[in-house]
Every structure is written in C-alpha cells, then in structure tokens.
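Engineer: Mind looking over this structure? Questions follow.
The values are calculated or read from the model by the stated rules, or taken from the named source; none is laboratory data. Nothing here was measured: the structure is a model prediction, and the numbers come from that model. As a convention, Cβ positions derive from the backbone with ideal geometry for all residues, glycine included, and neighbour counts pool all protein chains shown. Accessible surface areas use protein heavy atoms only, side chains included; no ligands, DNA or RNA. Shrake-Rupley method; radii C 1.70, N 1.55, O 1.52, S 1.80 Å.
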Amino acid sequence: MATARPSPRPFPAGRGRRSAAFVLGAGLALLLMPAAPQAEEAAGTTYALTPPSTGGLEAVDRMLRKLGTHRRLLVIGAHPDDEDTELLALVSQGMGGEAAYLSLSRGEGGQNLVGPDLGVGLGLVRSQELCAARRLDGGRQFFTRAYDFGYTRSLDEAFRNWPKEVLLEDTVRIVRRFRPQVVVSVFSGTARDGHGQHQAAGVTAQEAYRVAGDVAAVPALSSEGLTPWQPQALYRSVYFEPKDATMVVPTGGIDPLTGRSYYQIAMASRSLHRSQDMGMLQEPGPNETRVAWIAGGKGRDGSDLFAGVDTRLRALAAEVPDAARRADMEKRLDRVETLTLEARRRLSTPDLAGTAPVLAEALTQLRAARALARRGDGGVPMLLEEKIALAEGALAGAAGVTLDVLAEREVTAPGESTEITVDVWNAGGQPIPVDGVSLQSPDGWGVAQPAAARTVAAGALEEFKISASVPAAAPATLPYFLYKPMRGDLYDWSATPAPVRGEPFQPAPLHARVAVRIAGVPVALERDAALRYRDQAIGEIRRPVRAAPALDLDVQPDLVVWPLSQKGKRLEVTLTSNAKEPLKGKLTIAPPPGWPAPPARTFSLTRPGERQFFDVPIAPPDKLAAGRVPLRVSAVLEDGRTMDLGIRLIDYGYIPRTPMPRPTGVSIAAADIRLPPLQRVGYIRGAADRVPEALIAIGVPVEILTERDLDAGDLSRYDAILVGSRAYETDPALPRTNGRLLDYARAGGLVIVQYQQYAFLQGGFAPYTMEITRPHDRVTDETAKVTVLDPQSPIFTTPNAIGPADWDGWVQERGLYFAHTWAPEYTPLLAMADPGGPEQKGGLLVARIGKGRYVYTGLAFFRQLPAGVPGAYRLLANLLAWK
C-alpha cells in the first residue's frame, strides 16, 4: 500500500523532515503503523516491498481514527515473544491509539524452528518477525542494545551482562521518544518471573516509569534532544498470576473493518513469531487479557487502561507552557477532532473522494497548530507532526494518489550508480500538480537534480527518472547495530545517530520525495526504493536496495574442527560480483604461521551477480598442536583494492531479506578427537540443527534420514541413529515411525536422542517413562562443575578419555530439558548444578533396550559442536562408540 505518510527522517541528524509513502496494499495491517519518526524507521523498507495501493476506505478510516484521539500505550518485556499482543491490537485498532512494544533483546539466545540461524542471525530473524507482527496488530517496535546471552535464573547475572544503567538509559530513551500515557510491564521484577532477563525487564520498566519525567535522571540522554516525559499510569501483566489482576480488559470485541475480534488479530500477530513455534488458533468468541495496577491512573479502581487520562486530541497541547498559545492550539485541535468525525461520517456513505476537502481543512488546522509550537514545549512538536502525517496519508488515500519507487538494481557497489523510476499514480478524479520529485539518502548516496514539475491528470500515471550513486568510500548497507563489534552482551551504538538507537533497523539508504498538491493543500509523499521483478511461480517480488562491496566473499566453513590425526581438509570459497564493471584479481589464503600456504588463485567476473567457485585444499604442519588458530581469506583486485567482507542475506521468504556481515576468515580448532570405527550413522535433523555437518567435517559417516528411510528403510544398516534436538516437533515422519526406531534399538542398534520438549513425553516416544518438569530442569551456567557419576563407563573412556578439560569452553549453557524423574531402566551418568541451584542428574541418561542401547541427553550439543568445543566432540564420539 502506498498513500502518503509523511514523518521526520532523523537519520542522519540535520537532514530535516521527510514524509513517507504509506504502503497500504497488504490490507489494514500494514497501514496501522503510525507516522512518527520511529515508526517509519521500524518498517520503511517493508513498505517498499509491497505493491502501491491507496488502501481504500479501510486504510483512510484507520488513519482517521488515529487522527481524532490521543491514546498511547507502551508494553515492556525482555524477548520477542513476551509482548501482550491483545493489548497492542486493542489499543491500536480498537481504540485508534498508538501502541508500542519495547523488547530488551532481539531473542538471539533462543532456538530456531524454521532455519539454521542462531545468535546474531536469529536476532535478525526475530527482529523482522516482530516488525511483521507489529504491522499486523498495528503497534510499533523498539529494542534496547541488549544481546540475549541465554537463559539465567539470576537477576544479578542479568544485570552483570546487561548493566542496569544501560537498560535504564535505553528504556527511558524510548519512553521519552514515544511518550506513552500508559506503560504495561510484562513482568513484576521479582523472582516469580523466573528467567533473570524477565526479572530485569520488570525492574527496568518500573524504574523507567519512575524517572522518565525527572529532568535530572539519565543525564546521558540530555544531548539527544529528548525532553522528560512522565507516563500517567503503570500496570503489569498477570499472565502467570491471574489472581493478582485488578482490571479485566475485554479483547473479544469485533473490529468493524475486518469482522475479526481483536483477540483474533492478536493471535494472527503472535503467529508471525514463526522461529519460536508460536502459531496460534484465531478462536472466535469472548476473550480478555488482564493487568494489575501498580501506580497512577485512577488507582486500583480504574475502569479501563486510560481511566484518568485525557484522551481528547486537545491533550496534545498539554505541555505548552504559555496559556495563550496553548488555548489557540487546543481550539485548532478541537476543530481537527470535529473534522475527523465528519470525514468518518462521510466514509460511511461511502464517499471516499468526498472526504478530501474535510481532510484538507484538518491538515491546514494541524499545520497551524504546529506553527504555534515552540522549543520548550516538550513532545508537542513531535506529536503534532505525527498527526500531520496521518492527515496527509488520509488525504492522499482519499484522493487516490499513490507512489512507487523502483530501482534498476538491488545491489549497487561503491563508486557506481543506479537509475530510479518514480511513479506517481493519480487514480482520483481531479488533476494532481506535482511540484517536485527528488531522491534523498540518509546514507549519503549522491543523487541527481530533482525532476521537473508537472501535473498528473486524473486516472493517469507519470514516470520520473532520477539516478543515484554510491560514494566510493561508502560502507555496505548493514543493520546499524552490526556496524561495530559488540561490547560483551551489548550491541555498540556509539556511532549510530541518536534518533535511530532503539529502532529495529535504520532508514533505507534511498527514498524518493514527491511534493504534490491535493485539494489545494501541499502534501509530501515518500517511499523507499526497491527492486521489483517477476517470479513466474510467485508473481511480483520486491527487494530493498542496498550498497555492497564490489566483490563479496563467502568462505565455508568459517570454523574448522581439526582432529589431530587428520591430514587435510578443503575450504569452499565463493566470489560474487556486485559491480557493473568486470573484476579481475587473485584469491589469497593466509594460513596460520607454520602451515603450508595454498597457491593464490586468479579470478575473472564480468557482470553483476556472476559467481566463481574455488575448492581450496589446506594442510596442517607436520606437527599439529591442539589449540585455535586463524586462517585469512581475501581477494585482491587488479587495481590493488582488497576485498575481505562477506555478507549473508537472511532470507526466510516471509520476512524481508536482511544483510548480515560474516567472517571471511576461518577459525581452526585443532583437538585430539578420536573416532570409533563407524560405517554409517543415521541422523534425523532437528531445529536449527548443524550437528550433522559438524560430525561429517571430522570424519563421521553421517547420512540424513529421509521420510522414506524412516517409513520403510533398512535401519539395521546403521551403527547408530542420532535424533536432533526437537526433531519430534520438526520432523512429521518421526513421531509416526518412532516404533520402527525403537525396534531398531531392540534389535541391537544405538539410538541417541538429543533434547526434546514436552511433545516427546506426551507422545510416549521414549522406551521407558521419564518426566520433564514445567519449567524444565536445565543448567544455564556454561562453566558449571560437571561430576562424572560412573568414571569407568566406556562413555567416558572409549575412544576418548573424558577429563575436566573436556568441560572447558562450553558456550551459553551446559544443557536444557533435562529429565527430572526417570524409570529405573535408565542410568544417569552426569551431575551438575547452577550456582545455588539443585543438583541435576537428568542431563545424560543411558539404558539397555533389548539387544541395543538408548540415550537421552539434554546436553546442548547443538550449540557446542558449531562453536567448535573439543570436549563436546569427544563426548559425542564416545556415545557413538557405546556397545
């Protein structure tokens, strides 16, 4: 969808005001993102990825509802799945308010049900999922700089990794920027929240509510131009303690524009958290969410979230200190509220075009109110600009004016240019004067002179051609929080302009600005540039434009675990041209000191998108020592430029493609890893499961088992069968063929099951009973002491002698979803505990079953093997050797 949605464009500072074309074509959801600067940054590229549309009556009515009231809600949680989507949908769509969710982290520490990415890559997936969810439920999305380091039971550990003052600064920044009247903390900030990061979110939310209005609080924000703001009411969610509720908020009411309840809209939004297995039923009927009052509002007796809050449009002027100016502004805002009601009345005819004169007057009144605002009026200018943007969007939608901005290329290399076509479509009945068309770039791309003015006749489409060029020294287009290395478990925002900090992503690198006149009133339309092409199977596909190095390097794998007995390995290097001009040069490999250097390879690429592949053998020195060493890969062009950056596109189909930097070097982890004699090992892949590739790389003869293998294959051919983490959820063939898997074990086979969730137990898939509690047993301290309960077991002696050093260097956690109780047929082999926590013995259970063996382990092999932890490889090799 693409009616006008102007908003300030704060990146970089000093660029001035921008307005955005509102992309309305995907239905009501995409329109609901409001027009404040942060909202534009939250999803600017996504709007450009849908075809242009006015959005029709539905879109205009959505904007009018927001235009005529003043309600603002901020929900604060710790992770991408913590938000109360019912509240967000109800306030944004049911009340016409502005709702936002602040997640402390991007969820990097979780598991991934839809792809291989973990860590930073998973954070990008979940950030885009949250943006998609907000576009559907109508909210906005914010983050702090915290990186999810994984589960912890300790608030102290959470604040060690995420310093309390940093979380408070980032949260107060969003409170002062968004200026909510009502704050809802998802968590209480006490031990009953469980997860230490949940506790940190609760503590931070309540402290931010307390100090956000204090001019002396959080002095680090004084230079960002954010004035103090005191929310008027604070509540918390009571999802786990419904008895504590002081207010029941009905969410089963019907949205008249879609016929769905706000609960149904919320569940559709939550279902967009696909990487977290969060698909929900959109059940009809009465529904509700509950909150508990903490402070402000009308106290415990408040009848609704905004009880005691002035939600009239005139309340926007409350921060104006001068009584005369405030009264004048209130008068104009009262008139806007009346005009908004009149415009909505006309829509019921429906008479979309007939609302244009009313909207034009409302826009004129809002601009007059904005002209009254002064420095020292707090957030009044921002709030008024937000309403102006809504009025412009509604006016353009009513008049049938849309904008599209198409680039000839998705990727432009530094020093090169791309042509942009700006389409102005006047689907209305009156001519639309276009006073100017220009390109703007927050990233400093060079742009040609603006196109000349002309008038677009009724029912016509006009094209404007303008070129843009990427400066020779321009960096690649990457998410702003990845431009610098992290500092501990915090993203480094120090080089990021203040208005972008806390947004999901920065503005797109290139957008068009079109100045038009509708009903005699100036309106600015903006839309980000995108590549559009036709896929014969899918139809229209759009990609956000970006800058990238002339040559992209991909080195696989980026980590090599090297058993001391192995003599040689191979790297796969892919070079991809992003340049219009031919590229020639040499691919060079810089091995660690003492290692033989592979010869340089020449390459020649003649056009954008062309690739060249290299299979590079590497060999160790005569005496290979255990330890980690780096190997560097780079490409040197004929003109002397060195290319050493790789960019991976996170592309899951249902979210916008997102670039992520990747290393072009290789970390080599040499270790004494001895393998048993194995002919064939079957593997059933689980969630985000890179274990089979890790095992293949050290010489384990792994075969991925297909549905046909599980249904009818000869399983007796395998020395062992490994089941990946959560495979009973992700592989639909596994639950129905589990009987064949157990028969294989009873006949003398070895089955090793990595951690599973509750569906595994509910299905009765283990050979003997076991229990996993809710919440599940786990050991989150990756340095926790591990005690071997049976040192003589071959699992700790053959072929590798497992000792204390094998538990060094583990990442994020020891394990999760440990068994809590188990049948006597199982033997526990390990004991470990988090600091101050109970001893856990259910992390590695073994059992005899018929003539064979069965293993259940909650040890986090799925994290340790891709991280190159030698002890995890050695222990898993011993499990494969168990007789």
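Engineer: At R0 = 30 Å, how high is the FRET efficiency between Arg648 and Gln282 if r is their beta carbon distance? Nearest 0.05 is fine.
Structural biologist: After rounding, the FRET efficiency stands at 0.30.
Engineer: Continuing with this model, one more query. Could you sort the peptides 202-210, 285-293 by per-residue average Cβ neighbour count (10 Å cutoff), highest mean leading?
Structural biologist: 202-210, 285-293
Engineer: Can you list the equivalent-ellipsoid semi-axes of region 598-740, largest first and in whole Å, using the square root of 5 times each Cα gyration tensor eigenvalue?
Structural biologist: 37, 24, 14
Engineer: Over the alpha-carbon set of region 271-311, divide Rg by the Kirkwood Rh and report the Rg/Rh ratio to two decimals.
Structural biologist: Ratio value, two decimals: 1.18.
Engineer: Among bridges DSSP assigns within region 637-771, what percent are antiparallel (round to 5)?
Structural biologist: 35
Engineer: Ordered by packing density, taken as the mean number of other Cβ atoms within 10 Å over each peptide's residues, highest first, how do 86-97, 385-396, 326-337 rank?
Structural biologist: The most tightly packed comes first, giving 385-396, 86-97, 326-337.
Engineer: Determine, for each peptide in 597-610, 502-515, the mean count of other beta carbons within 10 angstrom over its residues, then list the peptides with the highest first.
Structural biologist: Per-residue mean Cβ counts within 10 Å order the peptides as 502-515, 597-610.
Engineer: Also, quick follow-up: Give me the tail of P(r) for the chain as a percent: Cα-Cα pairs with distance above 57 Å.
Structural biologist: Of all Cα-Cα distances in the chain, 14 percent exceed 57 Å.
Engineer: With a ≥ b ≥ c the root eigenvalues of the C-alpha gyration tensor of region 772-878, is it rounded (a/c under 1.5), prolate (a/b larger than b/c) or oblate?
Structural biologist: Since a/c reaches 1.5 but b/c is at least a/b, the shape of region 772-878 is classed as oblate.
Engineer: Over the chain, with every protein chain in place, what whole percent of the accessible area is carbon and sulfur at 1.4 Å, could you tell me?
Structural biologist: Whole-percent figure for carbon plus sulfur exposure: 52.
Engineer: Kindly report the accessible area of region 632-791 per residue (heavy atoms of protein chains, probe 1.4 Å, no ligands, DNA or RNA), in Å².
Structural biologist: Accessible area per residue, region 632-791: 42 Å².
Engineer: Note down the nm distance, to one decimal, between modelled labels 7 Å out along Cα→Cβ at Arg454 and at Arg632.
Structural biologist: Inter-label distance under the simple model: 5.3 nm.
Engineer: If the reach is capped at under 14 angstrom between alpha carbons, list the aspartates and glutamates near Lys567, excluding any in the same chain fewer than eight residues apart.
Structural biologist: Lys567 reaches Asp622, Asp672.
Engineer: While we're looking at this one, here's another question. In degrees from 0 to 90, rounded to the nearest 10, what is the angle of the helix 164-178 Cα long axis to the longest principal axis of the chain?
Structural biologist: Around 30 degrees separate the two axes.
Engineer: If you add up the charges near Val203, with Lys and Arg at +1 and Asp and Glu at -1, over every other residue whose beta carbon is less than 10 angstrom from its beta carbon, what do you get?
Structural biologist: Summing Lys and Arg as +1 and Asp and Glu as -1 gives -1.
Engineer: Which lysines have a Cα less than 16 Å from the Cα of Lys387, not counting those fewer than 8 places away in the same chain?
Structural biologist: Lys66, Lys331
Engineer: Also, quick follow-up: Count charges around Pro692 for me, please; just the other residues with Cβ under 12 Å from its Cβ, Lys/Arg as +1, Asp/Glu as -1.
Structural biologist: -1
Engineer: If you don't mind, there's one more thing I want to ask. State, to one decimal in nm, how far the label point of Thr773 lies from the label point of Ser793, with both points 7 Å from Cα in the Cβ direction.
Structural biologist: Result: 2.1 nm between the two label points.
Engineer: Enter the angle in degrees (range 0 to 90, nearest 10) between the Cα long axis of helix 380-399 and the first principal axis of the Cα atoms of the chain, meaning the one along which they spread out most.
Structural biologist: 80
Engineer: Using only the alpha carbon atoms of region 306-408, find the Kirkwood hydrodynamic radius as the inverse mean reciprocal pair distance, in angstroms to one decimal.
Structural biologist: In region 306-408 this quantity evaluates to 14.7 Å.
Engineer: Now a separate question. Determine, from the Cβ-Cβ distance of Glu419 and Gln230 and an R0 of 60 Å, the FRET efficiency 1/(1 + (r/R0)^6), rounded to the nearest 0.05.
Structural biologist: According to the calculation, E is roughly 0.75.
Engineer: Continuing with the same structure: Dividing the Cα radius of gyration by the Kirkwood radius, what Rg/Rh value follows for region 158-281?
Structural biologist: When Rh is taken as the Kirkwood radius, the ratio is 1.03.
Engineer: Compute the acute angle (0 to 90°) between the alpha-carbon long axis of helix 323-347 and the principal axis of greatest extent of the alpha-carbon atoms of the chain; round to the nearest 10°.
Structural biologist: Taking Cα atoms only, the helix is inclined about 80 degrees.
Engineer: Compute the Kirkwood hydrodynamic radius of region 406-487, taking the inverse of the mean of 1/r over all pairs of distinct Cα atoms, and give it in Å to one decimal.
Structural biologist: In region 406-487 this quantity evaluates to 14.9 Å.
Engineer: Can you tell me the accessible area per residue over region 245-298, all protein chains present, probe 1.4 angstrom, in square angstrom?
Structural biologist: Ligands and nucleic acids excluded, the figure is 46 Å² per residue.
Engineer: Work out how much length Thr258 to Arg674 would gain on full extension: take 0.36 nm times their residue separation and subtract the Cα-Cα distance, in nm to one decimal.
Structural biologist: Full extension from Thr258 to Arg674 adds 143.5 nm.
Engineer: Roughly speaking, what % of Cα-Cα pairs in region 410-545 are separated by over 26 Å, rounded to a whole number?
Structural biologist: Counting pairs separated by more than 26 Å, the tail of P(r) holds 39 percent.
Engineer: Could I have the simple spin-label model distance between Ile696 and Lys331, label points 7 Å from Cα toward Cβ, reported in nm to one decimal?
Structural biologist: Simple spin-label model gives 7.6 nm for this pair.
Engineer: Also, I was wondering about something else. With every protein chain left in place, what is the accessible area per residue of region 541-597 in square angstrom, probe 1.4 Å?
Structural biologist: Value for region 541-597: 40 Å² per residue.
Engineer: Report the extension gain between Ser467 and Glu839 in nm, rounded to one decimal, defined as 0.36 nm multiplied by the number of residues separating them, less their alpha carbon distance.
Structural biologist: Full extension from Ser467 to Glu839 adds 127.4 nm.
Engineer: For Thr780, what charge total do you get from the other residues with a beta carbon under 10 Å from its beta carbon, if Lys and Arg give +1 and Asp and Glu give -1?
Structural biologist: Result for the neighbourhood of Thr780: -2.
Engineer: Compute the label zone of Asp639 within region 538-566: residues whose backbone N is under 12 Å from the point 7 Å along Cα-to-Cβ.
Structural biologist: 550-551
Engineer: What is the antiparallel percent of DSSP beta bridges lying wholly in the chain, to the nearest 5?
Structural biologist: About 75 percent, rounded to the nearest 5.
Engineer: Would you mind getting me the FRET efficiency between Thr706 and Arg300? Use the beta-carbon distance for r and R0 = 60 Å, nearest 0.05.
Structural biologist: 0.50
Engineer: Could you name the aspartates and glutamates whose alpha carbon sits less than 14 Å from that of Lys883, not counting residues in the same chain fewer than 8 places away?
Structural biologist: Asp719
Engineer: Looking at region 762-802, I'd like the Rg to Rh ratio, where Rg is from alpha-carbon atoms and Rh is Kirkwood's inverse mean 1/r.
Structural biologist: Using Cα coordinates only, the ratio equals 1.09.
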